[in-house]
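Colleague: My structure is below; once you've seen it, I'll send some questions.
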Amino acid sequence: MLAKRIIPCLDIKNGRTVKGVNFVNLIDAGDPVELAKQYAIEGADELVFLDISATLEGRATTLEMVLRVAEQVNIPFTVGGGISSIEDVDTLLKHGADKISINSSAVKNPDLINELSNKFGSQCIVVAIDAKQIDNDWFVHLAGGTIPTEIRLFDWVKEVEQRGAGEILFTSMNHDGTKNGFANEALAKLSSIVNIPIIASGGAGTKQHFADTFIEGKADAALAASVFHFGEIPIKELKEELRNNNIEVRI
Amino acid sequence: MKIAIIDYGAGNIKSIQFAFKRLGYEALLTNNADIIKQADRVIFPGVGEAGHAMKMLKASGLDRLIPRLKQPVLGICLGMQLMCLHTEESNTQGLGIFDVEVRKFTNAVKVPQMGWNTISNLKSSLFKDILDGEYMYLVHSYYAEQCKEAIATTHYEIDYATALQKDNFYGVQFHPEKSSGAGEQILKNFLDL
């Protein structure tokens, strides 16, 4: 059976992991490559790198990092953050990224999804969606959730699928950072209206939250950052717990 | 050992080169017929769309070269699918090495299948030291039907051929280069054939 995936997410600035990573046994916890290797050994199924560099130089350093990750890490990884053109994607894939993720640029220019999936195949195009629940309706937000739009989440997700996205990374702004669990109701609805894999993001605090998002939220994968980086939830223990809940995981 | 990875412009193939490097081997990315013919092992990768990939193969004459190779050849993902008779993707004729049809998953399951699934019914030294039920990383919307050339199966919607073999030709639907230590073991086994 296809296993549910556990995905640690790393914020990268100028080729280094951003503050908030506290890992034992690492020579250099700021080095994304060291961290990625450690996560692969612990049983992570995939990795997501989110580049938050603001400068061209910073982005160039991140590209070098992508190449080193591809050289040294034997599980798949996605790179996101600031990607807005075919050239950006071509460069990242040539540096060894397995998938890329677009967010605001897809909202501003939805044709980009078609262009990327036609050129590179939908299997490597992840569309990330940040959304917030306002008066019982979910609205897409841009720029890391800071800018609201009029676009309804459930309309957007259908359009994204039709345009050729291979996967959706859904972050609930209402849940992100709360450690109170994932947005399972919205996630389950997403899975019922599109037929591509959904990655749940935002709200992970306990192992039970992961079990809940796979069962109630019907998520195909779950992404988290701080609970992994601070060692609050070791991936091995998490997967054993999930297996005890009869959830298919790779151990 | 000379390893050639056929480069016909199909997606992220550097990962395969890096995987061999982690095993201690330098593999060459090439579309040069002479280099491919003289290699001890040939990898036939592929990511993307079947119709387009087949056109690229024909444009370079690789469609005629590949079926005539005598050394062990390993098709990966779309590479494996193109070694089959025909694929539903863009109604594309394959190289016909494996006598099997490639079909699309229905909407009964999420498409593409993306992630780690198990391989079973292992029937080849390609899987030496690999446990029945080992997880491999897969990303695909089309699958090769169960057939007599199957040397491993995976279940997603139905049981399908996740690895194929005929004579010196091998094909795997999963990505050994992205499948952790077990995937690297399969690449090593391929070199040891």
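The values are calculated or read from the model by the stated rules, or taken from the named source; none is laboratory data. This one's a predicted model, so the numbers in the text were calculated from it and none came from an experiment. Note that we place each Cβ from the backbone using ideal geometry, even for glycine, and neighbour counts take in every protein chain shown. Areas reflect the complete protein model, heavy atoms only, side chains present, ligands, DNA and RNA absent. Shrake-Rupley method; radii C 1.70, N 1.55, O 1.52, S 1.80 Å.
Colleague: Which count do you get for residues in region A:31-89 that are under 16 Å from A:SER105 (Cβ atoms) and acidic (Asp, Glu)?
Modeller: So the answer is 3.
Colleague: On the given criteria, is A:ASP130 in contact (Cβ under 8 Å) with a residue 24 or more places away in the chain, more than 27 Å from B:ALA53 (Cβ to Cβ), acidic (Asp, Glu) and in a strand (DSSP E or B)?
Modeller: yes
Colleague: Still on this structure, I have one more. Go through (1) surrounded by fewer than 20 Cβ atoms within 10 Å (Cβ to Cβ); (2) part of a strand (DSSP E or B) for B:VAL109 and report which single condition fails.
Modeller: (2)
Colleague: What about A:SER172, is it over 17 Å from the mean Cα position of the chain (by Cα) and over 20 Å from A:VAL79 (Cβ atoms)? Lay out the reasoning, then the answer.
Modeller: Working: over 17 Å from the mean Cα position of the chain (by Cα): no; over 20 Å from A:VAL79 (Cβ atoms): yes.
So A:SER172 does not fit the description; no.
Colleague: Related question: Among the residues of region B:70-80, are any buried (at least 17 other Cβ atoms within 10 Å of the Cβ), in a loop (DSSP other than H, G, I, E, B), out of contact with any Leu (no Cβ under 7 Å at 6 or more places or on another chain) and in contact (Cβ under 8 Å) with a residue 24 or more places away in the chain?
Modeller: Scanning region B:70-80 turns up at least one residue that is buried (at least 17 other Cβ atoms within 10 Å of the Cβ), in a loop (DSSP other than H, G, I, E, B), out of contact with any Leu (no Cβ under 7 Å at 6 or more places or on another chain) and in contact (Cβ under 8 Å) with a residue 24 or more places away in the chain.
Colleague: Inspect region B:161-168 for any residue being in contact with a Ser or Thr (Cβ under 8 Å, 6 or more places away or on another chain), more than 27 Å from B:GLY24 (Cα to Cα) and more than 10 Å from chain A (Cβ to nearest Cβ) and give the result as yes or no. Working first, answer last.
Modeller: Just the residues of region B:161-168 that are in contact with a Ser or Thr (Cβ under 8 Å, 6 or more places away or on another chain), to begin with: B:161-163, B:165.
Narrowing further to those that are more than 27 Å from B:GLY24 (Cα to Cα): B:161.
After this cut, where a residue has to be more than 10 Å from chain A (Cβ to nearest Cβ) as well, the list is B:161.
Checked region B:161-168: at least one residue is in contact with a Ser or Thr (Cβ under 8 Å, 6 or more places away or on another chain), more than 27 Å from B:GLY24 (Cα to Cα) and more than 10 Å from chain A (Cβ to nearest Cβ).
Colleague: Can you tell me which residue is nearest to B:TYR170 (Cα to Cα) among those in region B:26-63 that are of a type outside the set (Gly, Ala, Ser) and within 14 Å of chain A (Cβ to nearest Cβ)?
Modeller: B:PRO45
Colleague: Quick one: B:TYR142 ticks every box in (1) touching a Leu at 6+ places or on another chain (Cβ under 8 Å); (2) more than 8 Å from chain A (Cβ to nearest Cβ); (3) under 29 Å from A:ILE125 (Cα atoms) bar one, so which box is it?
Modeller: Tallying (1) touching a Leu at 6+ places or on another chain (Cβ under 8 Å); (2) more than 8 Å from chain A (Cβ to nearest Cβ); (3) under 29 Å from A:ILE125 (Cα atoms), B:TYR142 fails exactly one: (1).
Colleague: On to the next question. Condition check: small (Gly, Ala, Ser), open to solvent by less than 10 Å² (accessible area, probe 1.4 Å), in contact with a Cys (Cβ under 7 Å, 6 or more places away or on another chain) and within 19 Å of B:MET83 (Cα to Cα). Does B:ALA152 satisfy that?
Modeller: no
Colleague: Can you pull out the residues in region A:88-122 that are more than 10 Å from chain B (Cβ to nearest Cβ), open to solvent by 40 Å² or more (accessible area, probe 1.4 Å) and over 17 Å from A:ILE151 (Cα atoms)?
Modeller: A:ASP88, A:ASP90, A:THR91, A:ASN114, A:GLU115 - these are the residues of region A:88-122 that are more than 10 Å from chain B (Cβ to nearest Cβ), open to solvent by 40 Å² or more (accessible area, probe 1.4 Å) and over 17 Å from A:ILE151 (Cα atoms).
Colleague: Restricting attention to region B:154-193, which residues are more than 30 Å from A:ALA36 (Cα to Cα) and within 14 Å of the chain's Cα centre (by Cα)?
Modeller: Within region B:154-193, B:ALA161, B:LEU164, B:GLN165, B:LYS166, B:ASN168, B:PHE169, B:TYR170 qualify.
Colleague: Out of the residues in region A:174-230 that are closer than 21 Å to A:GLN133 by Cβ and among the polar types (S, T, N, Q), state the one that is surrounded by the fewest Cβ atoms within 10 Å (Cβ to Cβ).
Modeller: Top of the filtered list is A:SER192.
Colleague: Give me the residue from region B:28-44 that is part of a loop (DSSP other than H, G, I, E, B) and within 14 Å of B:GLY61 (Cβ to Cβ) and, out of that set, most open to solvent (accessible area, probe 1.4 Å).
Modeller: B:ASN31
Colleague: Let me ask another. Does region B:167-177 contain at least one residue that is crowded, with 22+ Cβ neighbours inside 10 Å, part of a helix (DSSP H, G or I) and in contact (Cβ under 8 Å) with a residue 60 or more places away in the chain?
Modeller: The initial filter retains those residues of region B:167-177 that are crowded, with 22+ Cβ neighbours inside 10 Å, namely B:169-177.
The next check asks that each one be part of a helix (DSSP H, G or I); those that pass are B:176-177.
Those still in the list that are in contact (Cβ under 8 Å) with a residue 60 or more places away in the chain too: B:176-177.
Yes, the conditions are met somewhere in region B:167-177.
Colleague: Only one residue in A:ILE147, A:ILE151 is touching a Ser or Thr at 6+ places or on another chain (Cβ under 9 Å) and surrounded by fewer than 24 Cβ atoms within 10 Å (Cβ to Cβ), so which one is that?
Modeller: The conditions single out A:ILE147.
Colleague: May I pose another question? For region A:52-72, enumerate the residues that are crowded, with 24+ Cβ neighbours inside 10 Å and not in a helix (DSSP H, G or I).
Modeller: None; the set is empty.
Colleague: Could you identify the single residue in B:SER125, B:SER90 that is within 14 Å of another protein chain (Cβ to nearest Cβ) and small (Gly, Ala, Ser)? Spell out the reasoning first.
Modeller: On the way: B:SER125 fails: within 14 Å of another protein chain (Cβ to nearest Cβ).
Going through B:SER125, B:SER90 in turn, the sole match is B:SER90.
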